[in-house]
Structure formats: C-alpha cells, structure tokens
Amino acid sequence: MSFTLYLDRQQWFKHLAETDRLFSGCLPVIKGNGYGFGNSFLADAMTKLGKRSVAVGTLEEARQISSTHSFEQILILTPVWSDLRPADLAFTFTVVSFQHLEQLVARVRNAGAFPPVKVVLKCSSGMKRFGVDAGELKAAAELLRADPTVLLEGYSLHFPVETMTEDEKLRQIQTWIQLISSSGLACDKMYLSHISPALLRRLTEQYPAVSCVVRLGTSLWLAEKAYHFRSTVLAVRQIAAGERYGYKQKKAWRQGYLVSVSGGTANGVGLEAPLHTSGLKGPLKLTLFWFLNLFNFHLSPFVYAGKRLWFAEPPHMQASVLKLRRNPPKPGDEVALKNVRMTIAAFDEIVQFNERAAERDRT
Ligand SMILES: *Cc1c(COP(=O)(O)O)cnc(C)c1O
C-alpha cells in the first residue's frame, strides 16, 4: 500500500549542488518532517554532498541525527530550555535572550560536562519571534567575555519571507554588525535566513571579515521539477444512487464508483495549514470552497484522467475514499496527486529514479 514520492535523483542532486554553490556553501536545515523526505533521507543526501555542518530544529532532532550521521557541526535553531546530557555539548545552541543564556550556562554546569558550550546568539529582527535586543546584547557580551563555559560561534538573524526589501535587510544586518562591535565582541560569523545570493554577495564585499552563512530549507530541498507523487488504487466499488456507504453511512447522491486509494491523514492528506490570503482572488476561491464544504464537497489532491477527484468522506488514517462518476481506474493502478504540501506530507515510500546518472554526475 503506497503513497509514493517519485524522485529524480539526478535532477534533485544537481539542484542541491547548484543551490549550495549559489550560496557559497549554505547551511542545510533538516527539521520537522524533513520537508516530506524525512530527516534521515536529507542527512544522507548532505553526507553524500560532503557537507560538514547542518542545522536542525530541536535538541531531539540533533540527538537523532548525531546517532546516525557524523556531521562536524549540528546547530539547533530553536531555544533549548531542557536538561542537557554531556553528549549534547557536541551541538551548537541558539541563544535567544539573556535569560536563556544564563539558564543554558547553568544547565551545562549541571550536566557535569567539561567542554565549553558552543552558542550562536540570535539577534532580534522584523520577525519579532526570538532574539536579543540591543540592551540585552550588552549584558550577554559581559557574560560571554567573563565565562569560559560559553564559546560564542557567531550571530544569527532570521528575516521574514515577505515584505522586507533587500536594502532593509542589509540595513538591519549593518546595524547589528555595528552594535556587536561596539559591545566589544568580535563579529566574524553571521548566520542568515531568507536572503538572496545577490544580497549575500553585497555583504561579503562590504564585510570581508564577517563570514556570512545562509541557512536554507525550502529552497534547497523543494526542487519541484525533480519529483512527483502517486498513490496506489486499493479498491473500486460500484454504488447506486441512495445507497449508504463509509464510516458515516452517508447516502450516495447518484450512481458511480467509490475509489479507495493509499494516503490518509497519517500521510498529511486532507490536512491544511491555515492559509494567509491577500488580494481578492484567494478569499473568493476560499469562500467558494467553504460553501461547497457546507454540503460535504471536499476536493481531494488525487488526480485521475486529468481531474482532481472529490472525497467521498473524510480521509481515513492511511487511505482515502474518492467519488467518481464513470470509467474508474483498476485496483493496483496508480493515480497522480496535485498540491501536496511537502511540509506536512509523510510518504510510505520514496522511489528514486536516475540514480546511476546521479552517481555519474558526482564522479
Ligand atoms: C526553518 C528555518 C530556516 C529554513 O527555512 P526555510 O524557509 O524552509 O528555508 C531557516 N532559519 C531558521 C531559523 C529556521 O527555523
């Protein structure tokens, strides 16, 4: 039973290598559901590509990846507020406030570990999520200069994906570089996200002494041309008008077929992240779908004979039941999928093609 991602390995690896080059050696972000591929799959790919450093979301992800892969640096992006084990001191921690820095130092001492803890200091940005402000930076600088338990590896800035112009981002980076220098700390490394290769070049020219590293997730992994999705047809049943079916024992409106396919809620089918719309077209479309939803019409991501099919009822755990008027597929056939959201998808299988070509390309 398969909800399958088909991956053109040659194209995907070509994209990974090109993107890495475009950003003069990016820091790959491996986290969450592994952007649909799974974290371990992404870690394998980065090992193949010869990357020595990766970023992860959480402490648990860092522990997981370090148990199976041997990267020199694993940077944890979200603040860790939990107890540490001595082995955790191999990781680099993102520090988001002065209070956070203090508790991290305390926990390192509690862990009875000896090597200093490596930290990246997050500076606040337009995101208004995590980060020290200018005032806290002073206090942090004092602690960092005085305490041998902490080793400062660099600074971090995370920009919004939209609305900020390149010039605004540049100004914010410049402001931080000045703030850091005037607080008496050295600024030789800066981790950045959501900046363009052009802005990276401008920064490198203006600040040759600051090594700027861009963290990449979405634009690194999601090379849409390199993959597509398919799902196995599990069963096909004819149904008469008025006949009851499914978990909800709904009545069929008219005669047709019930087509069961692989892929349900456990695979991310039928789940939606809240959408943010702007303009008029988006909301109008949403309103139309909301209206249809009132009558239990839910459009599925499954495509057959060029058309998106409707769900016959809410998706099950690992399968979905679809409605079809005529000419149904056969059990064992595959149907395509459209609009699969990779950040919530979980595939039963990743089938790779052009594998040999990918190997040839790298040698
Ligand atoms: C997740 C994350 C990234 C990667 O984001 P994408 O939009 O997927 O490229 C970069 N930086 C930080 C701090 C993150 O948490």
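Nothing in this text is a laboratory measurement; each read-out follows from the coordinates by a stated rule. On a predicted model such as this, the values are computed, not experimentally measured, just so you know. Positions of Cβ are generated from backbone atoms using ideal geometry, with glycine treated the same way; all protein chains shown enter the neighbour counts.
Points worth noting:
- Global geometry of segment 52-169, whether rounded, prolate or oblate, following the gyration tensor of its Cα atoms and the 1.5 cut on a/c: oblate
- Length added when fully stretched, SER53-LYS250, from 0.36 nm per residue minus Cα-Cα: 65.6 nm
- Label sites at ARG308 and ASP133, each approximated as a point 7 angstrom past Cα along Cα to Cβ, lie 4.3 nm apart.
- In order along segment 46-58, the phi-based Karplus estimate (6.51 cos²θ - 1.76 cosθ + 1.60, θ = phi - 60°) of 3J(HN,Hα) comes to 6, 5, 4, 7, x, 6, 9, 10, 9, 10, 10, x, 10 Hz; Gly and Pro are listed as x.
- Basic side chains Lys and Arg get +1 at the Cβ, acidic Asp and Glu get -1 at the Cβ, and with that the dipole of segment 135-215 about its Cα centre reaches some 120 debye.
- Additional length obtainable on full extension of the chain from ALA336 to ALA186, 0.36 nm per residue less Cα span: 48.7 nm
- Efficiency of FRET from Cβ geometry, SER196 and ASN33, R₀ 25 Å, rounded to 0.05: 0.45
- Amide H contacts under 5 Å for VAL117: VAL150, LEU151, restricted to partners 5 or more places along the chain or on a different chain, H placed in the peptide plane at 1.01 Å from N.
- When +1 charges are put on Lys and Arg Cβ atoms and -1 charges on Asp and Glu Cβ atoms, the dipole computed for the chain relative to its Cα centre reaches about 1500 debye.
- Put the Cα centre of segment 76-121 next to the Cα centre of segment 341-359 and the gap is 35 Å.
- Shape category assigned to segment 1-111 from the gyration tensor of Cα positions, a/c cut at 1.5: prolate
- Residue list for segment 300-341, given a label point 7 angstrom along the Cα-to-Cβ vector of LEU284 and an amide N cut-off under 11 Å: none
- Remark on LEU7: its backbone amide H falls under 5 Å from those of VAL351, GLN352, PHE353, a criterion applied only to residues 5 or more positions apart or on other chains, H modelled at 1.01 Å from N.
- When you restrict to C-alpha pairs under 8 Å that are six or more residues apart and normalise by the size of the chain, the relative contact order lands at 22 percent.
- For segment 1-62 versus segment 125-188, the gap between their alpha-carbon centres in whole angstrom: 27
- Each of ALA111, GLY135, GLN99 was placed along the dipole of segment 92-147 (beta-carbon charges, centred on the mean Cα), and the one lying farthest toward the positive end is ALA111.
- Placing unit charges on the Cβ atoms of the charged side chains and taking the dipole of the chain about its Cα centre, the candidate lying farthest along the positive direction among TYR227, THR149, GLN249 is GLN249.
- Cα-centred dipole magnitude for segment 158-199, charges only on beta-carbon of K, R (+1) and D, E (-1), debye, nearest 20: 140
- When the Cα positions of SER300, LEU322, GLN64 are compared along the charge dipole of the chain, LEU322 comes out farthest toward the positive end, with charges on each C-beta of Lys, Arg, Asp and Glu.
- Ordering of 133-139, 35-41 by packing [mean C-beta count within 10 Å, highest first]: 35-41, 133-139
- Under the simplified labelling scheme, the SER219-ASN327 pair shows an inter-label distance of 4.2 nm, with each label point 7 Å from Cα along Cα→Cβ.
- Modelled label reach - GLN206, point 7 Å along Cα→Cβ, segment 151-183 residues with backbone N closer than 11 Å: 166-178
- Whole-number percent relative contact order across segment 110-261, with pairs defined as alpha carbons under 8 Å at least 6 apart: 16
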